[in-house]
Structures are given as C-alpha cells and as structure tokens.
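A.B. asks: Please see the structure below; I have some questions.
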Amino acid sequence: MRSGSSPLRTRRWRGARVIPLIGLALAGWAGAGELFVICNAAVALQPAEIRDTFVGEKGFVGAVKLAPADNSAIQAAFLEKVLKVDAAKYAGIWTKKSFRDGDIPPPVKTSDAEALAYVKQTQGGCSYVGTEPGPGVKVIARF
Amino acid sequence: MIKQAGNTARGLALAVAAFSAIAPIASRGAGSEGEQIAELKQKLDQSLKMIEALTARVRQLEAAQPASTPTAAATAVPADAQRIETVENRVAQMEASNAARGGDSSSLPMHGFADVGVANHNPWNPDLKGYYVGDLDFYLTPRLGTHTKALFELNFETDTDGSIGVDLERAQIGYSFSDAATVWLGRFHTPFGYMNTALHHGSWIANALRRPAFLNFEDHDGILPVHTVGAWLTGAAHGEGGKLLYDVYMGNGQRISGGVIDMRNAGNDHGQLIAGGRLGYQWTEGAAEGLQFGLHGFSSKIGDDQVPEHNTQLRVVGGYGVYDTDRWEHIFEIYLFDNKDVSGNGGTHKSTAGFAQFAYRAPFGVPYLRYERASLQQADQYFAQQAFGASYWRAAIGIRFDIDPKSALKLELANTHVTDQTPNQIQREYDDALAQYAIRF
C-alpha cells in the first residue's frame, strides 16, 4: 500500500499547487485588459486628473506631492487606454517636460507587485496594475 | 515506474499466450484431431513458461528498488515547499527594494541633444557655408526631494565665428509650493513669448530647423535677452477645461558688450534690473484643446560698452498664440518695442518683430512654413550697438522627418532679406538650403 499511496499523495500535493496557478491564469485571462490606476491611500486624486499626473502637468493634490510610477508589465496598455499615446510619444512628452521644467519622468516598476509595493510605501505614490490590488491602496479608476 | 512496467509486462505475456493459442485454431482447418491437440498442448506449455519467466523478471525488477520512490516523494514534499517559500521571500524582498528606487536620492538623470548639418549658408552666419557642427547640449535634473528641484544645462556650441564655446545655459534651483507656485533662482530662459521657454536649445525638440533670427541666442546674434539671471515665480491654476499660466520674474539688467547681449551671470555693477511677466491661458479639453494665448512684457535698463555709454530703457510688450495638437503645430509671436534713450536726447523708438509658423504633423513627416520679420529703428542704440540689430524678413519652408523616436532629419529652404545697412550688417538678400540631423539621448 505504501508504495502505491505515496506517489498519489505527491500528485495530489502537486495538484494542490497547480490548481491555484491554473485558477490565477484563468482569472487573468478572464480579466484580460483590465487595468487599475491606484494611488497611495492618502492621495485624493480624481479620475480626470490621471492623465495630467502621468505627463507631469499635475504635481500636487492639496499639499501632497504626487509621485507617479510606470509599470512596464502593462505600460503599453496603460498608454493606449488611459493616456491615448504610444510609447514613443510618451517618451517625447517627458523629454520636453523634463528639459523645459526640470521635472523627472516617473520611475519604472517591472511588475504589479512592485508597483503595488511602491504605491503603498510612497506618500503621493500612484501607479497602475493589471490585477485587483487589494487593500492598502486607493483605486482611482478601472479601465 | 517499476510497478507500471510490471503490469505492462504481465499484460503482454497474457496477450501473447492467448494469441498463440487461438491463432493456430483459426488458421488451420486440416489435420487429425490428435495432432492438433498435441500441437496445442505444446504451444500452451511454451506460453506458460514464457509467462513464468516474465513474471519472475518483473518480481526481480520490483525487488531491486522496492521502497525508494515513496520515501523520496515523502521527503521531496517539504523540501519543495521550503525552496518555494525561500524563492517567494526573495522575490518579495526584490520587489520591495525595486519599489523603493523611485525615492532614491542619489540618482542623477542626464540627457541631452546634439545636431550637425550642412548648408549653403550657415544657419547663424550666412558668410559661412558647408558642413557645420551645431550644439552638444547636456541637461541634468537631479532628484532632490519632494519640493526642491534643479535644472542645469551645459551647452557646447559652435559660435558664429566657428569657435567652440561652452555655456552654462541654465543653472536654476527651484522650490515648488504647489502646481500654482514654483520659485526658481539662478539663470533661466526669460519667460516671454512661447518659443523661448518651450523650444529653446535642443534642436530635436523643435519641428523647425532653427529659431527665428531675432529670437536667436545672445551669442548667435539674437536681439532679445533670452536668458535672465535672477528670480522667477511661475505656476498654473487648473480650471474646468483649461489652465491659467503665469510667470513673474526679475533679474540682473543686461549689457551689450562687443555687440552681444551679456546677461551678467555674476551680477551687474549698476544695480539695474530686468523685470517682466507673462500671462496665458491654455485649453486642455474640448474643441479648443491645444490652443494657448498669452501676453508678455518686460522692461530693462540696458547699457553698452561704448564711450560714452548709451543707456536704453528697453520696454517690450507683446503676445503669442499656439495651437499644438496631434495634427497641427501653429505658433505666432509679436514683440512691440518702445525703447527710451535715457542717456541722451535720443527720445523713444518704436520697433516691431514677430513671426508666424504653421506645421502639419503628417504620417510621413512635419512640413512647415514660417514667415518672420523685424523692423528695428536704427536710431535706437539698443539695436544699433548689437552685432545683428538690422531689420530683416525671412520666408522659409521646411520639413522634419522622424527617423526613429530619438533622431530627426530636417530640411529647410529660406529666402532672407536684410533691409537695413548698419556698421555690422550690409543690405542683402540670400537664399538658404539647409539640412540638419538632430538627436536626443
């Protein structure tokens, strides 16, 4: 019995780890294209102000200095859906903005988890993620 | 694996035996019944022996590795779990570390622009022709903190005589109170018109190959103080559908030395100031999105290096308009001078300068047209003492091709008429054909 049941248990254990992964993949597939713009819980940004925030035209909400960050994992979708520009134009906008006004382009995070961590730990932090962000941040808009 | 092999072998053996037993019956209808029974018995014996041999072999194989697999599997479970947990912890640490990079105070982004070209008349000195080196322009925007920011621009440029000069074009440190108020101290682009702050150095930024001649930099025969050393308050008040833009500034009064406007980087020796402002409105939504209008004005008491020295109260007012969208880029600016000779009895002199530029952002490139004109009173010592203070007009047509997101090729044809005869300029007309390769990095 021992020789027969242990492999089965191993398979069940592996299955227990694989099933949630499949679930996550399916969830990601089901929500494909969904995008959440998030900010630090202390930031009261309006959805209409998202564009200005990410192109450097809006730097403050009240006394809070905004600190937007890009998320390279879904940046292309964000630029297309929210800012309505392509990557080349976005880079050009920031080149001009930086050269004219001394402003610094948003830092680039490489995953949802990184963007989420940045927003949570940065006062004025804002970014965007492709999955439900959960508690600890404010969802400004969902696209 | 071993157990699975055993089951397979047994199955094969039974199949072989059954086939061996049935096949002769099916295929042979002839012969005596006794012979057939004997033959069947023989084959059955052979099959049984084969089954026994295979069964023995299977047992032998099973005995060779009896319980190793389940043990390994049993120990692998916690080992895998531990490894995965370690990896997850490391990933979480990396994410937290990367997430904090945005606030890294040691980063020093440095970018810049450069351009080279060829022309039958140099863009800034029509007496020269051939290949030319334009600017190598670096700018730094150090990350300083929440409210403090800085901008330094160091430009290696070819002067009108062909020598290479190095200028600290901008050196400004500022404090942002809010979107509505940032105070800069240092050397900055004097905020008048649109082009002087939006399209200054860095040829790549502008669609046109060069600035209007009267808006050239001081050391490229420009006639306006395009840089100021002083203090500058600037900001924007966001409202429904647009924003109000304002600038107020004051700084060291400039001086004309050797025919060139000197912005007095280290301070001046006469306590004279330049003071001015700009007020504009930009539509950011709706049908007028991209449209911007503004008014500007400044005053400065400007001396020169003549003996006796001339002092002119420079008084300039004007306006500008911009229509900048994904499709169009139109710009116009006007400057009205009402300069007063304050060192003699020269009285006041009225002059004008302005330009209009129209550009279309087509898929293949950005063609543009520009007309510029300066009508400058030569009795006004402010213009008379400058290397290029003559009246002129220029019509230009050009096109910009974006080769990739960081480089552009520009071509321009222009016709220029210098309409005043001055000690530094002769009346003349010439046609330009220019090409420029501009990059950003």
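The values are calculated or read from the model by the stated rules, or taken from the named source; none is laboratory data. Nothing here was measured: the structure is a model prediction, and the numbers come from that model. Every residue, glycine among them, receives a Cβ derived from its backbone with ideal geometry; neighbour counts consider all protein chains shown. In case anyone asks, the SASA skips ligands and DNA or RNA and just uses the protein heavy atoms, side chains included. Shrake-Rupley method; radii C 1.70, N 1.55, O 1.52, S 1.80 Å.
A.B. asks: What nm distance separates the two modelled labels at B:Gln427 and B:Gln82, each placed 7 Å from Cα along Cα→Cβ?
C.D. replies: Label-label distance for B:Gln427 and B:Gln82, simple model: 9.7 nm.
A.B. asks: Sorted by accessible area (1.4 Å probe), largest first, how do B:Ile334, B:Ile164 line up?
C.D. replies: Descending order: B:Ile164, B:Ile334.
A.B. asks: Let me ask another. Label-point separation (nm) for B:Ala180 and B:Asp45, each offset 7 Å from Cα along Cα-to-Cβ?
C.D. replies: 11.3 nm
A.B. asks: Enumerate the amide H contacts of B:Asp304 below 5 Å, restricted to partners 5 or more residues apart or on another chain; note that Pro and chain-start residues carry no placed amide H.
C.D. replies: B:Ile256, B:His310
A.B. asks: Subtract the Cα-Cα distance of B:Tyr371 and B:Arg327 from 0.36 nm times their separation in residues, and report this length gain in nm to one decimal.
C.D. replies: 13.8 nm is the gain from fully extending B:Tyr371 to B:Arg327.
A.B. asks: Roughly how compact is region B:292-416, stated as its Cα Rg over 2.2 N^0.38 Å to two decimals?
C.D. replies: Relative to the 2.2 N^0.38 Å estimate, region B:292-416 comes out at 1.34.
A.B. asks: Name the long-range amide H neighbours of A:Ala141: under 5 Å, sequence gap of 5 or more, or other chain; modelled H, no Pro or chain starts.
C.D. replies: Result for A:Ala141 returns A:Val37.
A.B. asks: Please list, ordered by chain and number, the residues whose modelled amide H lies under 5 Å from the amide H of A:Lys58; skip anything fewer than 5 residues away on the same chain.
C.D. replies: A:Thr53
A.B. asks: Still on this structure: So, in nm, how far is label A:Ala44 from label A:Ser72 when the simple model puts each one 7 Å beyond its Cα toward the Cβ?
C.D. replies: That separation, rounded to one decimal, is 3.6 nm.
A.B. asks: Using unit Cβ charges (K, R positive; D, E negative) and no other charged atoms, how large, in debye to the nearest 20, is the dipole of region B:324-378 about its Cα centre?
C.D. replies: Once rounded to the nearest 20, the dipole reads 140 debye.
A.B. asks: Treat region B:147-268 as a sphere of radius equal to its Kirkwood radius over Cα pairs and apply Stokes-Einstein at 25 °C in a medium of 0.890 mPa s; give the translational diffusion coefficient in µm²/s, rounded to a whole number.
C.D. replies: So the translational diffusion coefficient is about 157 µm²/s.
A.B. asks: Let me ask another. Please work out, to two decimal places, the log10 of the ratio I(q)/I(0) at q = 0.23, 0.31 Å⁻¹ from a Debye calculation in which every Cα of region B:294-346 carries one identical scatterer.
C.D. replies: After summing over all Cα pairs, the log10 values are -0.84, -1.10.
A.B. asks: Tell me, in nm to one decimal, what length is gained between A:Glu132 and A:Ala88 on full extension, where the rule is 0.36 nm per residue of separation less the Cα-Cα distance?
C.D. replies: Answer, rounded to one decimal: 13.0 nm.
A.B. asks: I need the per residue convex hull volume for region B:264-328, using only the alpha carbons, in cubic angstrom as a whole number.
C.D. replies: Measuring per residue, one finds 132 Å³ for the Cα hull of region B:264-328.
A.B. asks: Kindly rank B:188-196, B:224-232 from highest to lowest mean number of other beta carbons found within 10 Å of each residue.
C.D. replies: In decreasing order of mean packing, B:188-196, B:224-232 become B:188-196, B:224-232.
A.B. asks: Across peptide A:109-119, what mean number of C-beta atoms from other chains lies inside 10 Å of a residue's C-beta?
C.D. replies: Averaged over the peptide's residues, the number is 5.
A.B. asks: Using square roots of five times the C-alpha gyration tensor eigenvalues, list the equivalent-ellipsoid semi-axes of region A:33-124 in whole Å, biggest first.
C.D. replies: Whole-Å semi-axes of the equivalent ellipsoid: 18, 17, 12.
A.B. asks: Using mean Cβ contacts within 10 Å as the protection proxy, how do A:65-71, B:265-271, B:177-183, A:49-55 order, highest first?
C.D. replies: Most protected by this proxy first, the peptides run A:65-71, A:49-55, B:177-183, B:265-271.
A.B. asks: Compare the peptides B:369-378, A:74-83 by average per-residue count of other Cβ atoms within 10 angstrom and give them in order, highest first.
C.D. replies: Highest to lowest by the protection proxy: B:369-378, A:74-83.
A.B. asks: Across peptide B:140-151, how many C-beta atoms of other chains are within 10 Å of each residue C-beta, on average?
C.D. replies: 3
A.B. asks: Moving on. What length, rounded to one decimal in nm, is gained on full extension from B:Asp269 through to B:His147, with 0.36 nm per residue of separation minus their alpha-carbon distance?
C.D. replies: My answer for the length gained is 40.6 nm.
A.B. asks: Follow-up. Over all pairs of distinct alpha carbons, what does the Kirkwood formula give as the hydrodynamic radius of region B:110-440, in Å?
C.D. replies: 20.5 Å
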